[in-house]
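The values are calculated or read from the model by the stated rules, or taken from the named source; none is laboratory data. Not measured: the values here are computed from a predicted model. Counting neighbours? That spans all protein chains shown, and the Cβs are built from the backbone with ideal geometry, glycine included.
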Amino acid sequence: MASCHVRNNLAALRQLPRVALNNIRDIPEAFTRKHRKGRGPGSKKGKTCGRGHKGQGQRNTKPRLGFEGGNTPFYLSVPKHGFKNTKQKFYSPLNLNRLQFFVDSGRLNPKEPINMYHLWRSGAVGGRIKDGVKLLGTGKTWFQANIDIEVSRASKTAIAAIERQGGKITCAHYNRLGLRVLLKPEKFEGQPIPRRARPPNDLMKYYVDPINRGYLADPDELEKAREANRLASEVD
């Protein structure tokens, strides 16, 4: 039954002229003809050309955009409310007391280096890690773990508490793509790993400073800063 319709359609096509440049036409609704104004009343756009009599429309003296007839415009009546800082970073906070709890419960192994991958997988840092993890010093009195940890940033209190126990802390920069490679390596199986990005200029000063335990700091200066911190903790 279907083949019969196909044969009939093909037979009808054979009788029609071939499509060529001399017999194709535009679709009637595809284009709108330009309306000629000022060519008599028969076109309904003659005499005043659709502008009406006198006034702003006729004289072409319409006010600027945003003018409200002398009233206080909207953009002046609404107060200013700051701006969006495009360089702002959002670090997931992690306190020392929570870190100690995860070490004591066996969810973090203190005998192996700990980075943001282990913190995220263990649940020590929940939710989405947007720009990295910042280690804070809340709970420094109860912190007793000897660990080697790498985070994005750390407070001076947290650095002192970790090194007082003989541990080691490093602050390293990861951009969004670098964090994705670190946290979800299974997404990059079978393809080349992207090169790790260097810190932007506004963050470079932080990561080359041995006081911040930056990963780009001079190793000798970094070791001196750690040794000075240990001696200060022994004196206390």
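Does Phe67 satisfy the criteria of being among the hydrophobic types (A, V, I, L, M, F, W, C) and modelled with pLDDT of 95 or more?
no
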Looking only at segment 79-128, count every residue that is over 19 Å from Ala158 (Cα atoms), more than 29 Å from the chain's Cα centre (by Cα) and not in a loop (DSSP other than H, G, I, E, B) and tell me the total. 0
Would you check if Leu231 is within 21 Å of Gln88 (Cα to Cα) and surrounded by fewer than 16 Cβ atoms within 10 Å (Cβ to Cβ)? no
Some residue of segment 71-94 being of a type in the set (A, V, I, L, M, F, W, C) and within 30 Å of Pro185 (Cβ to Cβ): yes
Criterion (among the acidic types (Asp, Glu) and more than 30 Å from Ser105 (Cβ to Cβ)) met by exactly one of Glu189, Glu150: Glu189
Return the residue satisfying two criteria in turn: it lies in segment 117-156 and is among the small types (Gly, Ala, Ser) and over 16 Å from Asn97 (Cα atoms), and of such residues it is modelled with the lowest pLDDT. Gly127
Scanning segment 13-65 for residues that are surrounded by 11 or more Cβ atoms within 10 Å (Cβ to Cβ) and hydroxyl-bearing (Ser, Thr, Tyr) gives Ser43, Thr48
Quick one: Val78 ticks every box in (1) modelled with pLDDT under 95; (2) crowded, with 21+ Cβ neighbours inside 10 Å except a single one, so which number is it? (2)
Considering each residue of segment 175-193, count those that are under 16 Å from Arg128 (Cβ atoms) and either surrounded by fewer than 14 Cβ atoms within 10 Å (Cβ to Cβ) or aromatic (Phe, Trp, Tyr) (or both), and give that number. 4
I'd like to check something: does segment 136-154 contain any residue that is more than 22 Å from His118 (Cα to Cα) and either in contact with an Asp or Glu (Cβ under 6 Å, 6 or more places away or on another chain) or not in a loop (DSSP other than H, G, I, E, B) (or both)? yes
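Filtering segment 26-50 down to residues that are basic (Lys, Arg) and modelled with pLDDT of 85 or more, which residue is nearest to the chain's Cα centre (by Cα)?
Lys34
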Lone unmet requirement of (1) loosely packed, with under 14 Cβ neighbours inside 10 Å; (2) under 25 Å from Arg98 (Cα atoms); (3) under 31 Å from the mean Cα position of the chain (by Cα) for Arg196: (2)
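Just wondering, is there one or more residues in segment 201-211 that are in a helix (DSSP H, G or I) and among the basic types (Lys, Arg)?
yes
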Please enumerate the residues belonging to segment 163-184 that are touching a residue at least 24 places away in the same chain (Cβ under 8 Å) and more than 19 Å from Arg230 (Cβ to Cβ). Ala172, His173, Tyr174, Arg176, Leu179, Leu182, Leu183
Out of Ala197, Ala161, I need the residue that is in a loop (DSSP other than H, G, I, E, B) and within 21 Å of Ser92 (Cα to Cα). Which one? Ala197
Taking Ala217 as the residue in question, decide whether it is surrounded by 11 or more Cβ atoms within 10 Å (Cβ to Cβ) and outside any helix (DSSP H, G or I). yes
Being in contact with a Lys or Arg (Cβ under 6 Å, 6 or more places away or on another chain) and under 30 Å from Cys171 (Cα atoms) is true for just one of Phe90, Phe83. Which residue is that? Phe90
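Among Gly50, Gly82, which is touching a residue at least 12 places away in the same chain (Cβ under 8 Å) and of a type in the set (Gly, Ala, Ser)?
After applying the criteria, what remains is Gly50.
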Quick one: would you say Asp26 is acidic (Asp, Glu) and closer than 30 Å to Gly132 by Cβ? no
